[in-house]
Structures are given as C-alpha cells and as structure tokens.
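Right, one structure below, let's go through it.
The values are calculated or read from the model by the stated rules, or taken from the named source; none is laboratory data. Everything numeric in this text was worked out from a predicted model, so none of it was measured. FYI the Cβ positions are ideal-geometry reconstructions off the backbone, even for glycines, and counts take in every protein chain you see. Ligands, DNA and RNA are stripped out before the accessible areas are found, and what is left, the full protein with its side chains, is counted by its heavy atoms. Shrake-Rupley method; radii C 1.70, N 1.55, O 1.52, S 1.80 Å.
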Amino acid sequence: MKVFSAILVIIGTVIGSGFMSGKEIVVFFSRFGVFSFPCIVIAFFLFWLLFNFFLKNGDKADEKLKNSKFSNVINFLICTILSSAMIAGCTELLSPLPALIRFFVLGVILFFCFFIIKKGLGGLEKANFLLVPVMVIVLIIGLICATNFSNMQISMSTSFSSWGVFYCLLYVLLNTSNSCIVLAKLGKGLNKSQKARVSFLSALALFVILLFANLVLLQNKDVFSQDMPLLSLFDRPWSIVMQAMILLGCVTTLFSLVFASSGSVRGLCRNNFVGVTSVILPLVISAGGFGNIVSLLYPLTSVLAVFLLCDLFFIPFFKRAYTKIHSARKDTK
C-alpha cells in the first residue's frame, strides 16, 4: 500500500493542468514532430533515475533544505509559478459556469490547499489516493476515443532539431523540481526495495500516458495553438468529462505544490504568512492566464530547477562521493 500511495502522489504531482490539457506536451514534445517519440523515451529513463535518486537521498536533501535559504527561495519561486498555472487552469475550466458556482468551487479548492498546509504529507497522500486513479483512468479512456486507429501515420515533415532533446531535459527538470521536495518526504517512509519499485513504476506510468497523449496530438496538429489542445478535440458530453479531469489534474498538482511551497516559506520566515504566500500569491499571479504562464514561464522554471536540484541533491552527492574516494586513497597509502 505504501508503494501504491507513493506512486499516486508522484503521478498526481507531475500530471497537472499543463499535462492533462496537452499544452505542456505540445510545448516540450509534440511540436518537434515524430522526433518527440525518442525524446519521450529519454524522459522515461531520466524520470526513473531521478525519482530513484531523490527517494534515496531524501533525508539528506530535507536536512539541507532546512538550512539553506537559497534552496528555499528557489523552491518557493518554482512552486509559486507552477501553482499560479494550476489556479489559472482551474479558473479557465470553470469559466463557463455561473459566477456564483465558479467562485464557490474555486473557494473549495483553495480551502483544501490550506487543509494540505495544515495536515502535511498525510493529507496530501489521502487526497491523491482518492483523486489520481479516477483522473488517470478517464484520461486514458479519453485518449483512446481521440486516437485515429485507422490511420496511424504521422507526418515526417518536422526536421530533427537538437532543441527537442534540450526541451526534453527542461521538461524533466521542470517536473522533478516541483516533485523533488515531495519525493524527499516520501523517501523517509520507504525501504530500499520500495524506493526502487516506486521510481520505476512512476516513470513507466508517466511514459505510457505521455506517449499516448503525444500520438493523439501529432494526429491533430491543428490544435497546437489552442490553450488546451487535448480538450479542444472533444465534443459534448466528453468535453465536459475531460474538463473535469483536467480540473482534477490542476488540483492534485496544486496540492503538492502548496505542500512544498509551505515548507520553504516556513524555512524562510517560520509560520508567518504561510497561507498568504503559498496560496494567495499564486492566485494573484494566475490573472496572467493559463496559456501565457505555461508558454512563457514554464521554461524559466526549468532553469530555476537546475539551481534547486544542484543545491539540494547533486552538489552534496558529489561532495560525499569525493570525500569517500579521498578517504579511501588515504587508507591505501
């Protein structure tokens, strides 16, 4: 049960509004045409390796985060940008509803954000255990319905570009930066075997869904310019169902981001203004619009992720490795 719960938390963190709507997939993969498929394979191996690395080094990273204002600031910026995209996605999806209902639903979502801040990892695991299976199953059914199985040919017109690999790396960094804090917390409750299973199965699940969604998008290149490309493929009543699933994707990722952001806020200013900075600030930034945030700020967030991951994981890891090698050489002399 621990393994299954951890997998759901990771999937719920990664599959947000950008993923569920298809916008994130278009920006980082589909626009590179058929060459997006090998990039998705690369993404699978990177997710697998990094998830495993973060789970194994969670204790050390958590300790580092408690004592590093730099990491807390970078993590807060990343979570704020991504949280604003999730809230903007919720707002856009709720826009067809009457104003009173729209404000009520958004208010309930924000209320549960404060609930996650108060309850911590236990509250996050419970929320994902309820929401993620429904979201993933319905998304897969929707993708099957949108796939043209009678014509599986994909245009080869897009020429190969090294930018595709670069954006693949940015994509992995983007999604591991917003989950590395959550993974560090999850790793504390898992043994070595469980960590290995969680990392592989989480990466595999993301790979299968990403591969399938990319295939559907490449069969419908005319929707690339849409704010929510996958959603634009469906007519009623499926469009309503998919809207609800994208909303769930926004909510599950938002919960993880708020959880990670609140920890950094406490590290910077203790318990003062945790709710305001972790929830209300992203709400204000979300006024910039979902499409603009994903297209313009997500790549920037990936760059910030490099600094966060290096400070929390990679630099300490290489320092420990160097110390062990240096000590071993001294012992042999």
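Before moving on, here are some points about what is shown:
- Other residues lying with their Cβ under 14 Å from the Cβ of residue 39 contribute a combined charge of 0, Lys and Arg counting +1, Asp and Glu -1.
- Each other residue within a Cβ distance under 13 Å of residue 3 adds +1 if Lys or Arg and -1 if Asp or Glu, for a net charge of +3.
- Packing, taken as the mean count of other beta carbons within 10 Å per residue, orders the peptides 21-33, 210-222, 37-49, 309-321 from highest to lowest as 21-33, 210-222, 37-49, 309-321.
- Taking the longest Cα principal axis of the chain as reference, the axis of helix 36-56 is set at about 40 degrees.
- Degrees separating the helix 192-218 axis from the principal Cα axis of the chain, which is the longest one: 30
- Global form of the stretch 1-100, assessed from the alpha-carbon gyration tensor, a/c cut-off 1.5: oblate
- Relative to the longest principal axis of the Cα atoms of the chain, helix 298-309 runs at roughly 20 degrees.
- For residue 49 and residue 115, a Förster radius of 22 Å and the Cβ-Cβ distance give a FRET efficiency of 0.10, rounded to the nearest 0.05.
- Straight-line cross-link partners of residue 56 among the aspartates and glutamates, defined as a Cα under 18 Å from its Cα and at least 8 positions apart when in the same chain: 311.
- Sorted largest first, the principal axis extents computed over the alpha-carbon atoms of the stretch 189-233 equal 47, 17, 12 Å.
- The chain, accessible surface, carbon-and-sulfur percent (1.4 angstrom probe): 69
- A Förster distance of 41 Å, applied to the separation of the beta-carbon atoms of residue 269 and residue 324, puts the FRET efficiency at 0.65.
- Evaluating 6.51 cos²θ - 1.76 cosθ + 1.60 at θ = phi - 60° for every residue in the stretch 72-86, the Karplus couplings come out as 5, 5, 4, 4, 5, 5, 4, 5, 5, 4, 5, 5, 5, 5, 5 Hz, glycine and proline recorded as x.
- Cross-link partners for residue 221 among the lysines, with Cα-Cα distance under 30 Å and sequence neighbours closer than 8 places in the same chain left out: 23.
- Working ranking of peptides 78-84, 288-294, 169-175 by packing, defined as the average number of other Cβ atoms within 10 Å per residue, highest first, is 78-84, 169-175, 288-294.
- Here r is the Cβ-Cβ distance between residue 1 and residue 60 and R0 is 22 Å; the resulting FRET efficiency, rounded to 0.05, is 0.25.
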